[in-house]
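Everything below concerns the one structure shown next.
The values are calculated or read from the model by the stated rules, or taken from the named source; none is laboratory data. Note that this is a predicted model, so its numbers are computed, not measured. Because the Cβ atoms are built from the backbone with ideal geometry, glycine has one as well, and the counts that use them run over all protein chains shown.
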Amino acid sequence: MADDQHRESVAAPPATGAPDGHGPAPHDPLAVGLPPATAGASGAVDVSARRIRRDHFRQLMHSKPFLVGAVLLLWWIVCAIFGKAFSPYNPVNGSLLQFNLAPSGSHWFGTDSLGRDVLSRVIVGSRDILIIAPLATLLGTAVGTAVGLVQGYFGGLVDNVVGRIVDAVLALPVVIVAFLFVVAVGPSTLTLILVIGFVFALLIARTVRTAVLQERELDYIAAARLRNESGAHIMFVEILPNVSGPILVEFTVRLGYAIFAIATLSFLGFGIQPPTPDWGADIASSYQYLAAGYWWETLFPALAIASLVVAVNLIADSIESVLIQ
Amino acid sequence: MSTDISSPGTGDRLSEAVVMDAAHVDVSYTVRGTDRLAVRDVSFQIGQHESFGLVGESGCGKTTMALAITRYLPRNGKVSSGSITVNGQDLASLNSGALRSLRARTVSMVYQEPGRALNPSIRVGRQVAEVFEVAGLSKADAAGRAEEALRKVQISDPGRVLRSYPHQLSGGMLQRVVIAMALGAEPNLLILDEPTTALDATVEAEILELISSLREEFHTAILFISHNLAVIAKMCERVGVMYAGELVEEGPAHEVFEQPQHPYTVGLLRCIPRRGQRKDHGRLDTIPGFLPAPGEVPAGCVFAKRCALADERCTTESPPPYPVGEDRTARCHYHERAPLLPRATPEDVRLPAPDSDAAPVISLRGVAKTYTVHHDKVPALVDVDLDLYLGETLGLVGESGSGKTTLARVLVGLTPPDTGSSLELDGRALAPLATKRSREQLKGMQIIFQNPDSALNRRHSVRHIIDRSLTKLAGLTGAEREQSLQEIVRSVRMEPRHLGLRPAQLSGGLKQRVAIARAFAGNPRVLVCDEPTSALDVSVQAAILNLLADLQAKERVTYLFISHDLGVVRYLADRIAVLYLGRVMEYASAEAVFTGPHHPYTEALLSAVPSLDGAQRERIILSGEIPSPAQPPSGCVFHTRCPRRLSSGICETTEPPLAEVEPGHSMRCHIPPSELRALQQIGN
């Protein structure tokens, strides 16, 4: 996807070719055009895949939203991996004598009703959400891509049947579907991954299907049919690389939703189970004390969720805008 | 850059009123922080009532020049040196208000795609009237003027057109509307940027005719931009030839085209198939080498790298526009010798004759295809009988919508024909769909598509693309496959270093070579070429046509060559079938189709093509547009537009059969060939 959308901002002259030192002899009558990529110093338009990737990367590195998002996300990843090592207190066992302390020099974010340090719980609480959300999104993207390819490529009855099932499931809010599922199977990390992955697969399948429908009409698909390629080859080798852009965008956008969905489920008590520190569960167990003025017990986990979702969305938006130029 | 010689065409022409004067104009685009020159030191003038043509291949800066004249350059583009004056006003000095009024009253522009120049969600009437409202008329007056404007561009039912949305009108009709809008403000200068490139030949002829007659009426100066030299020759008094951002030659159109004085013009003219030229006799010449990259500024002459006449002086010293006659300039140090430019390819080659005595390789009998659109039956092909013999090229011509591409897709098995159609390859029946055909049959018949951007997977390397066909069609693996790959790449005249590249890194010509290499991977017996050169520039087209002819001679393949360009078909085809509304109207040797007697439709097609060879056939105006295939006319399907329709009424009631009128010459017409011959004034 990126290749064809990569256009120089020069309006008029498309890259019709470029001369270079090691091209064919100048009088080769039939050599017509030459890859601009090899022209190097002559200032030609280079459109090689590597160059495009490098260009995209450079654009991302120059985008402030992306950098802010990346720094925030990196912070939470560090917390998820090493949080236990540098959290100031034990996040699970608090001192019952020091409950509901307001933020202070020794407890920056205060303590909760069981006397546990809120800062430590926020730091360590990033762990499960950062394992579950990417895995669920990855699962959803993989399954959704496969379903979308099949739907888009075969069309007809297959497309209709799968399409109606998707509609039926998506008629319900994601959280309700997940809720039903978790109640039926029982909450566990695996359940969360499966249920969120399943719902996302349906959503991603729709996007992929649309992209595949456009690709399917192109002549390279006809050419593949004319050399007797199997459907699987056409879908995964011919079409898939050309729809990878929308899939990547979909993955990053869904990751944000996944974080939010997991936090919501935890808040409702169907996600990560106590006493494991978790933002959603911590908000659930503390928001009743808001009225009593213990705002810090709710605010900091809530800010953590918000910052992670915002970070992922900033990254998603930047990637999308770079790919869609 | 030249400063020692004043801008071309000065002198006596200055005294006349000059509408547009470009003097030493440079235009550059800023890309990734660096400035790239797209137009360099271009000077020309357009006098009142004058029609000036700009020709050149894509990427030469024609459109950039037009945008500079309207100050519509994209944000990263600017006139970095020189000046453009329109009606005595220096464009650079205009503020936004003056610019608005310039665009509203003085300069109008017509673009290539009429469909994109109009807002799809607003009725045509509103959009045309707006032109007059901007000029200060009241709503009611503007509506009246809109209708009048459409009458002027010969739209017979302006009321209906004004009430329509753009998508309800044909391309030709839309272009008329756009021209009406452009002329609405009675501009001093009308810029036409490839106004007929997206249109069929018959429609193109109509639009060109219209522009000519409007010129007489409006006395507007015209800047006509086209890659088509014949169109420019027909429409313009003066012509400027652009190459790599420079105006390399300028002068009166007929002089430039008859006695070109710049090697690029000479080369370009030799790339165009003209009367009498065939793939074996009077071969097309090609221009070796490549266009410089955008922004690259060679030290000497921009064309030196591709020029057989170039010597040291050309690579070091940039040629100024030498005066080469009255009102003529050429940027070539050796302009006197330009007409003697040595050919890059031999003029005559020996090609084996097609084997038309043996049994046909492909035999189509009663092939029909009916699409169902919203429960309506739309016949795209009706009862097509064709034979293709070993080593021959069958040309398939017709306007868009005539069923050419449907026939190609039916033949290779991408679209199933109606039941009852019979397709045979080497005497054995072909299944309707490619997936049901044997591997032998699949490899026996391949296709080259029109648009290589769509036909090549942009995520795969050239190597992968060709390898895959070698594996699947020729059944090769390992070292054998590698060897075949190298051979094929050599035979389409690409280089091994192209193998690792992806299609986006290749020029249009190279991409089409990859497509050709892929099609040849399985040693096909038959190759369907669906407009393989229509997306390419003429110099690239010439190279591809010669390559196809050489490969045919070497591999003894049979081509079904589809094109809307009669010149190209004449150059390559041994026999020709003319399609109209899915029916074969005429089917004969290329010779017979071009010398006549012609089917009236073929006659109209032939007369529609502008020619560089001076004498133009008498234009036959086809009234109306190609009818909808969903409701084909009764009787002869061509009778609604036929200028030779018989008064007896038989044409309206009875469809003529495809009958052999001479040995090897079939036609679907009620008029006897002897009468056609007399009508068409063909000597016996």
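See the values below:
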item	result
Every residue from the stretch B:254-264 that is part of a helix (DSSP H, G or I) and either more than 19 Å from B:Cys60 (Cα to Cα) or among the basic types (Lys, Arg) (or both)	B:His254, B:Glu255, B:Glu258
So B:Asp418, is it away from every other protein chain (no Cβ under 14 Å) and in contact with a Ser or Thr (Cβ under 6 Å, 6 or more places away or on another chain)	yes
Among (1) more than 7 Å from every other protein chain (Cβ to nearest Cβ); (2) surrounded by fewer than 24 Cβ atoms within 10 Å (Cβ to Cβ); (3) part of a loop (DSSP other than H, G, I, E, B) - the single one B:Ala549 does not satisfy	(3)
Members of the stretch B:340-374 that are part of a loop (DSSP other than H, G, I, E, B) and among the aliphatic types (A, V, I, L, M)	B:Leu341, B:Ala344, B:Val349, B:Leu351, B:Ala353, B:Ala358, B:Ala359, B:Val361
Test set (1) crowded, with 24+ Cβ neighbours inside 10 Å; (2) of a type outside the set (A, V, I, L, M); (3) modelled with pLDDT of 85 or more - B:Glu495 fails condition number	(1)
Set B:Arg160, B:Arg176: member being among the charged types (D, E, K, R) and buried (at least 21 other Cβ atoms within 10 Å of the Cβ)	B:Arg176
Any hit, the stretch B:513-524, residues being modelled with pLDDT under 90, surrounded by 21 or more Cβ atoms within 10 Å (Cβ to Cβ), out of contact with any Lys or Arg (no Cβ under 7 Å at 6 or more places or on another chain) and under 30 Å from A:Arg53 (Cα atoms)	no
Residue that is in a helix (DSSP H, G or I) and crowded, with 22+ Cβ neighbours inside 10 Å, where the choices are A:Ala258, A:Ala222	A:Ala258
Test: B:Gly500 is more than 8 Å from every other protein chain (Cβ to nearest Cβ) and without any contact (Cβ under 8 Å) to a residue 12 or more places away in the chain	no
Residue among B:Thr595, B:Thr533, B:Thr602 that is buried (at least 24 other Cβ atoms within 10 Å of the Cβ), over 18 Å from B:Ser454 (Cβ atoms) and among the hydroxyl-bearing types (Ser, Thr, Tyr)	B:Thr602
Test for B:Leu433: is it closer than 25 Å to B:Ile562 by Cα and either surrounded by fewer than 22 Cβ atoms within 10 Å (Cβ to Cβ) or in contact (Cβ under 8 Å) with a residue 60 or more places away in the chain (or both)	yes
When residues of the stretch B:74-102 are limited to those that are facing chain A (nearest Cβ under 9 Å) and surrounded by fewer than 20 Cβ atoms within 10 Å (Cβ to Cβ), the one farthest from B:Thr265 (Cα to Cα)	B:Arg75
Residue in the stretch B:204-222 that is surrounded by the fewest Cβ atoms within 10 Å (Cβ to Cβ), counting only those that are touching a Leu at 6+ places or on another chain (Cβ under 9 Å) and within 25 Å of B:Asp565 (Cα to Cα)	B:Ile207
Within the stretch B:393-406, tally of residues that are in a helix (DSSP H, G or I) and either at pLDDT 95 or above or among the polar types (S, T, N, Q) (or both)	2
Scope the stretch B:392-430; condition crowded, with 22+ Cβ neighbours inside 10 Å and of a type in the set (Gly, Ala, Ser); matching residues	B:Gly395, B:Gly398, B:Ser402, B:Gly403, B:Ala408, B:Gly413
Odd one out for B:Ile448 among (1) within 12 Å of chain A (Cβ to nearest Cβ); (2) out of contact with any strand residue (DSSP E or B) (no Cβ under 8 Å at 6 or more places or on another chain)	(2)
Residue ID - nearest to B:Asp355 (Cα to Cα), chosen from residues in the stretch B:570-625 that are touching a strand residue (DSSP E or B) at 6+ places or on another chain (Cβ under 8 Å) and part of a loop (DSSP other than H, G, I, E, B)	B:Asp574
Selection status of B:Val203, at pLDDT 90 or above, among the β-branched types (Val, Ile, Thr) and in contact with a helix residue (DSSP H, G or I) (Cβ under 8 Å, 6 or more places away or on another chain)	no
Qualifying positions in the stretch B:265-292 - within 25 Å of B:Gly59 (Cα to Cα), in a loop (DSSP other than H, G, I, E, B) and basic (Lys, Arg)	B:Arg274
Selected residue [in contact with a Ser or Thr (Cβ under 9 Å, 6 or more places away or on another chain) and under 18 Å from B:Glu399 (Cα atoms)] from B:Leu622, B:Leu658	B:Leu622
Boolean, A:Val147 is buried (at least 20 other Cβ atoms within 10 Å of the Cβ) and out of contact with any Ser or Thr (no Cβ under 7 Å at 6 or more places or on another chain)	yes
Total residues in the stretch B:520-538, condition assigned to a helix (DSSP H, G or I) and within 17 Å of B:Lys279 (Cβ to Cβ)	1
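Yes or no, residue by residue, for (1) away from every other protein chain (no Cβ under 14 Å); (2) surrounded by fewer than 24 Cβ atoms within 10 Å (Cβ to Cβ); (3) at pLDDT below 90; (4) within 25 Å of B:Asp193 (Cα to Cα):
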{"residue": "B:Glu246", "(1), (2), (3), (4)": "no, no, no, yes"}
{"residue": "B:Glu249", "(1), (2), (3), (4)": "yes, no, no, yes"}
{"residue": "B:Ala253", "(1), (2), (3), (4)": "yes, yes, no, yes"}
{"residue": "B:His262", "(1), (2), (3), (4)": "yes, no, no, yes"}
{"residue": "B:Gly276", "(1), (2), (3), (4)": "yes, yes, yes, no"}
{"residue": "B:Phe290", "(1), (2), (3), (4)": "no, no, yes, yes"}
{"residue": "B:Ala293", "(1), (2), (3), (4)": "no, no, yes, yes"}
{"residue": "B:Pro298", "(1), (2), (3), (4)": "no, yes, yes, no"}
{"residue": "B:Phe303", "(1), (2), (3), (4)": "no, no, no, yes"}
